[in-house]
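The values are calculated or read from the model by the stated rules, or taken from the named source; none is laboratory data. If you're wondering where the values come from, they're calculated on a predicted model, not measured in any experiment. As a convention, Cβ positions derive from the backbone with ideal geometry for all residues, glycine included, and neighbour counts pool all protein chains shown.
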Amino acid sequence: MVTRGPGRPATITRVDVVGAALRLAQQVGLDRFTMGQLADELGVAPMTAYHHVASRTELVQLVVEELLNRVEIPGPAEGTWDVRLKSLEANVRRELGGIPGIRTGISADGSEASKRLADAVLVILAEAGFDDSTGLLAYGALFTYMVGQLDLDVAAEPGQDSDDALRFAELTDRTAAGRPTPDEFFDFGFDLLLTGLRAALRPSQ
């Protein structure tokens, strides 16, 4: 919480800085908010946030870390391996989806939060019967799909004016059946991916 005593400047913490950055990311995009906007959001001097983060790049990574830490990992009791993978991917999408520019802070490795999720996916794949090599290939396919779906979710948001959003709107407006919802895109694409993973697994069973 940002606190301010009588006649004193606001006192902020690292948690305050990350929370304010997340709010701005939801409003204007993770790749668009400025440190000046962040200072206004916190009610502090422009350079104050740099007492808690070294750079804007670090702050973006901390915002993504915060969101990834919120992702729930489904356990064995929650279904078969494919059900758990889809549930995990949906949980990631729920936490990160709808934030323009979210991909700027996502990498396949690096943070403890991303490692936690990567390890969870690899464990599920191993329990399904994938060996280490094929499991890594499957993880790459799942990661690539996740990043692409997040872009699609943002592009589908009303009022988006990015090049990706405009191309998406032009494409889907051409379809005779009308524009599919983001959930329909997710379900269709992920089910296709799972079909491929089941086929890759079958020869070894």
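State all residues of the stretch 86-107 that are acidic (D, E) and surrounded by fewer than 19 Cβ atoms within 10 Å (Cβ to Cβ); if no residue qualifies, say none.
From the stretch 86-107, those acidic (D, E) are 89, 95; that's our starting set.
Answer for the stretch 86-107, where residues must be acidic (D, E) and surrounded by fewer than 19 Cβ atoms within 10 Å (Cβ to Cβ): just E95.
From the list V83, V71, V92, pick out the single residue that is part of a loop (DSSP other than H, G, I, E, B) and farther than 19 Å from V17 by Cβ. Let's see the steps before the verdict.
Numbers: V83 fails: part of a loop (DSSP other than H, G, I, E, B); V92 fails: part of a loop (DSSP other than H, G, I, E, B).
The conditions single out V71.
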Matching residues in the stretch 133-169 - criterion: being over 16 Å from R103 (Cα atoms) and either modelled with pLDDT under 70 or touching a strand residue (DSSP E or B) at 6+ places or on another chain (Cβ under 6 Å) (or both): P158, G159, D161, L166, R167, F168, A169
Evaluation of F130 against (1) modelled with pLDDT of 95 or more; (2) over 20 Å from the mean Cα position of the chain (by Cα); (3) in a helix (DSSP H, G or I); (4) buried (at least 17 other Cβ atoms within 10 Å of the Cβ) (one fails), failing number: (3)
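Of the residues A54, A128, only one is in the same structural domain as V18 (by TED's automatic domain parsing) and of a type in the set (A, V, I, L, M); which? Give the steps one after another, and end with the answer.
Numbers: A128 fails: in the same structural domain as V18 (by TED's automatic domain parsing).
Sole residue among the options that is in the same structural domain as V18 (by TED's automatic domain parsing) and of a type in the set (A, V, I, L, M): A54.
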